[in-house]
Structures are given as structure tokens and as C-alpha cells.
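J.: Dropping the structure in here first, questions after.
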Amino acid sequence: MEKIWQGHLSGKVSRAAESFNASIFFDKKMYREDITGSIAHARMLGKCSIIPQEKAENIIEGLKSILKDTEEGKLAISEEAEDIHSFVEAELIKRIGEDGKMLHTARSRNDQVALDTRLYTRKKLDGIHTLTLSLMKTIAHKAEEYEDAVMPGYTHLQRAQPVLFSHHLLSYAFMLERDAGRIEDTKKRLNICPLGSAALSGTTYPIDRKATAEELGFSGPSKNSIDGVSDRDFALEAMSAMSILAMHLSRLSEEIVLWSSWEYRFIRLSDGFTTGSSIMPQKRNPDIAELIRGKTGRVYGDMVSLLVTMKGLPLAYDKDMQEDKEPLFDSLDTVEASLIVMEEMVREMTVLGKNMEKAAEKGFINATDCADYLTKKGVPFRTAYRLTGELVSWCEENDKVLSEVPLEKYKEYSPLFEDDIYSEISLSTCIEKRISEGSTSKESVEKQISYIMNLVEEKNNGQH
Ligand code: ARG
């Protein structure tokens, strides 16, 4: 296929080099953005009388027909083309003839590709933002559904203190709140229009960069044309936000894997989210959670890959930058798919509250509360801590938990122990006594649920 840049080059292009150089295999994903960007550019060229108005209209009509036919599957994007930009331009010329050759006036593929990639990333981030909110909502609903289930809270994967399952699960909604915020921040800097930077130095034509920026929904044109064509920060920021979001999904996945194991039995995944084994008939493998966790590594790799690509690049555009798209697309697609399955998996999982509670009863997770009991009676915390530690050792030797220790035994450790110790160290008291803001008491958890619900509602209504 003849190249759009072939003017002064007459030598034959090597087949190997040609396919090595091509990006159509992956940048064809951006056909919609490429065409929309070109429509805005053509309209501006006409309005500014850089090309005759009726030729601009002809170009716009031609581009619209290409978009329509592509969406309807009537036009296949040929992989013979070098990239999506050359494909659309060649198709336009095929359809409307000479007028089509005017489209590329005052533009270069360098500002064109920067524009397309921004538009594409913006669209994908919007979708991911919505999915993030929807997962937050599902988490809040699940927390509400199992509001009273008590589970051991862990540190170092050792049973630490009792918490409400709803409290534990909600912590992920707060991580996702920050993820949504990171996407919003990324979009602020992404939403600058590079179109009109041309190859690198701008153009001699009297173009109206504000008009194209506005038509394409940007907050304004970029301020420096060299930076306009060389900046890929928006892709890196997007991938950084995706990496952190994937990390959160991965941590939740890891807990789902643990919780659904026979060792824990805290949750049961729905059949749709478990797979059997080809040999072991009892298996309910949490493949989907494992895959979300596994794919996170690739999402990190995507970000690192572009960081390394960009690291030594001299200004302005270098072909290395074509390597931005595969990791960027992969990162966005992977996180998008992970959010979709995670939302459904959480929505459909069953929480086995009784098993959680049984686990919470073991492991001395009320030892802190036992120490606090003495502290409130005037014993210095360090002393109370030591006494309780000794009690725990006695329990371990005698195969008991704190609630089973007779009062006489308690009194051997401190005469301050009274009958109310049993209610003070019961799991429900341990939880309800945690009154500090953000804590695990039911009242606090209910506040957190309504905070998340309201936030999602407001964000969905565009109030943030
Ligand atoms: N396919 C190229 C890319 O993705 C488009 C820009 C090409 N510009 C150039 N001067 N070769 O980056």
C-alpha cells in the first residue's frame, strides 16, 4: 500500500520493516476518536477559510460515512494500512476524491496521534470510573446485608481483634473512593487538546485551536506545541491510577481466595465464580479472584513499560512513542474487565457469618478488651497488658478461651476482676464499645455505609 509520506522516497519498502513499523494492529481501536478528531479539524479549517467551506463539508460528510460504515460492520479496517490515521485518510480520499487530500492541512500525525490517544483514554477512564462507583455501591449493599456478622480482624494474618465483617469489607469501598478520585485528577490534566501543535513547532495557517478543543470537549488547547506532541504523562498517570486500583482489587481477591478456602470458610462464592477441577470432584476453585490478582502484575508491567520507553527520549516526537498504546490499552482493558467480574462476584457471594463468629471466638481476640477492663479500674495499661498475657498463657495450657475462665481464676491474677468481665469481653461488647470515629461499632459502620451510598449517588449525578 502506498504510504502517505512516500513523496520523496522512491526506494522499495522492506516487507519486514513495513509490518514492524505498522501500528494498525492495535491503534485501529481508536478509529472513532481518529474520525471525531478529524471532523473537528475539518470544520475548523472551513470556518477559518483555510480550505473552502464546501470542501470542509464534503470532508465531514465523508468522515461521517466512514464512521457509520465502520460501526455497522460494513467497512473493515484494513491491516494493509500503516496506522489508523493513514487508513482513515486513504478511505476518505477513496470516497470523496481530491477534497479528501485537504484534510491533513495544518496537521501532522504527531498531534493527531496525541489527540486520538487522549480522547480514547478519556473515554475508557469514564467507563472505569462508573464501574468503580458501581463496585463501591455493591460493597456498601453487601455490608448492609451482613451488617451484624462478626469476624476476627487480623494483623500479620494473626487473629487480632473482633470486627464487623461489614466494617472490613467497607474498607475496600474507601480504597475505591480514592481510586475514583485519582481517575478524576488524571482527567483534569489529560483533558488538554494537543491538536494544532502540528509536527512540533505549530503551523503557519491561521487555525483556531480553541474551537477544536471546545468541540472535542477539552478544557483548552495545550500551551506549548513541542510539549503537545511529546507528552505522554496522561497515559502514565492513567496507568498509575490503574495500577493502584488493580492493587486494591488484588488485595480483595486475595482475601476472597483465603475466605473461600476450607481453612477459613467465611464466604461461599456463587457457582458462576468458581471452577471445578478436572480430577478432584470436591473442588470449588476461586479462579476468577486468582486471575484478578494475577493480572495485576501485568497492569504494573504496563506502566513500567511506558515509563522505561519514555525515559531517554529527546524532544519532540520519536517513533518509540508508538509503543505507548499496547500497554495503555492493556492496562485499561484489564482493569475494566477486572472491575466487572469483581462487582458480580461480590454481589453474588454468600457470607457464612456463623463460621466467622466461631473463628472470632478463638484466638483470644478479646485480650485487648480484657486488658482495657483492668485499665479502666485504675491499673496502668502496661501492667494490665502483662496480667492479661499471663492469663492467656494459662488458657493456652488449659485449652480454654478467656470467656471460659472461672472468676476465681481471674481473681488470682487481679482482685479487680468481677462478674462483669464476661459481658465486657463478649464479642458483641468488644465491637459495640469501639466508639471512636471510623471504628467497627454498628453505629459507626452504618455511618460509613451511608457515606459511601451518598457519595456514589452524588458522583453518579455529576456533583463531584
Ligand atoms: N502510528 C504513530 C504512533 O502511534 C503515529 C504517529 C506517526 N508519526 C510519525 N511522524 N511517524 O505514534
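The values are calculated or read from the model by the stated rules, or taken from the named source; none is laboratory data. The structure presented is a predicted model; accordingly, all values stated were derived computationally and were not measured. Cβ coordinates were reconstructed from backbone atoms using ideal geometry, including for glycine residues, and neighbour counts include every protein chain displayed.
J.: Output the residues belonging to the range 67-77 that are away from the ligand (no atom under 16 Å from the Cβ) and within 23 Å of Asp111 (Cα to Cα).
T.: Within the range 67-77, just Leu67 meets the criteria.
J.: Determine whether Ile292 is more than 12 Å from the ligand (Cβ to nearest atom), under 30 Å from Glu343 (Cα atoms) and in contact with a Phe, Trp or Tyr (Cβ under 7 Å, 6 or more places away or on another chain).
T.: Taking the combined requirement at face value, the residue does not satisfy it.
J.: I've got another one for you. Going by the conditions given, is Glu255 more than 16 Å from the ligand (Cβ to nearest atom) and not in a loop (DSSP other than H, G, I, E, B)?
T.: Here the answer is yes, as Glu255 does meet what is asked.
J.: Which is within 23 Å of the chain's Cα centre (by Cα) and either more than 16 Å from the ligand (Cβ to nearest atom) or charged (D, E, K, R) (or both), of Asp324, Asp320?
T.: Answer to the check: Asp324.
J.: Now for a different question. Which count do you get for residues in the range 447-462 that are of a type in the set (Phe, Trp, Tyr) and at positive phi?
T.: So the answer is 0.
J.: Can you name every residue in the range 78-111 that is under 22 Å from Ile192 (Cα atoms), away from the ligand (no atom under 16 Å from the Cβ) and aliphatic (A, V, I, L, M)?
T.: Those that are under 22 Å from Ile192 (Cα atoms), away from the ligand (no atom under 16 Å from the Cβ) and aliphatic (A, V, I, L, M): none in the range 78-111.
J.: Scan the range 39-55 residue by residue and report those that are free of Cβ contacts under 8 Å to residues at least 24 places away in the same chain and assigned to a helix (DSSP H, G or I).
T.: Gly46, Gln53, Glu54
J.: Looking at the range 264-301, which of its residues are touching a strand residue (DSSP E or B) at 6+ places or on another chain (Cβ under 7 Å), part of a loop (DSSP other than H, G, I, E, B) and touching a residue at least 60 places away in the same chain (Cβ under 8 Å)?
T.: Hit for the range 264-301 is Phe266, nothing else.
J.: What are the residues in the range 418-452 that are surrounded by 15 or more Cβ atoms within 10 Å (Cβ to Cβ), part of a loop (DSSP other than H, G, I, E, B) and modelled with pLDDT under 95, if any?
T.: Answer for the range 418-452, where residues must be surrounded by 15 or more Cβ atoms within 10 Å (Cβ to Cβ), part of a loop (DSSP other than H, G, I, E, B) and modelled with pLDDT under 95: Ile425, Ser426, Arg434.
J.: Another question, then. Are there any pairs with C-beta distances below 7 angstrom linking a residue in the range 93-110 that is on the phi > 0 side of the Ramachandran plot to a residue that is more than 16 Å from the ligand (Cβ to nearest atom) and outside any helix (DSSP H, G or I), with the two at least 6 apart or on different chains, and if so which?
T.: As it stands, the answer is Ala106/Ile50; Ala106/Tyr205; Ala106/Ile207, since those pairs meet every condition given.
J.: Pairs please, first residue from the range 18-32 and closer than 12 Å to Glu80 by Cα and touching a residue at least 60 places away in the same chain (Cβ under 8 Å), second anywhere and in a helix (DSSP H, G or I) and within 12 Å of the ligand (Cβ to nearest atom), Cβ atoms under 7 Å, 6+ apart in sequence or on different chains.
T.: Ser23/Gln322; Ser23/Lys325; Ile24/Ile84; Ile24/Phe87
J.: Can I ask one more? Gly228 is checked against (1) part of a helix (DSSP H, G or I); (2) within 30 Å of Asn355 (Cα to Cα) and fails just one. What number does that condition carry?
T.: Exception for Gly228: condition (2).
J.: Looking only at residues that are within 30 Å of Met30 (Cβ to Cβ) and small (Gly, Ala, Ser) in the range 112-142, which one is farthest from the ligand (Cβ to nearest atom)?
T.: Among them, the one singled out is Ser134.
J.: Now, a different point. Are any of the residues in the range 143-153 within 16 Å of the ligand (Cβ to nearest atom) and assigned to a helix (DSSP H, G or I)?
T.: no
J.: Anything in the range 303-315 that is within 16 Å of the ligand (Cβ to nearest atom) and crowded, with 20+ Cβ neighbours inside 10 Å? List them, or say none.
T.: Leu306
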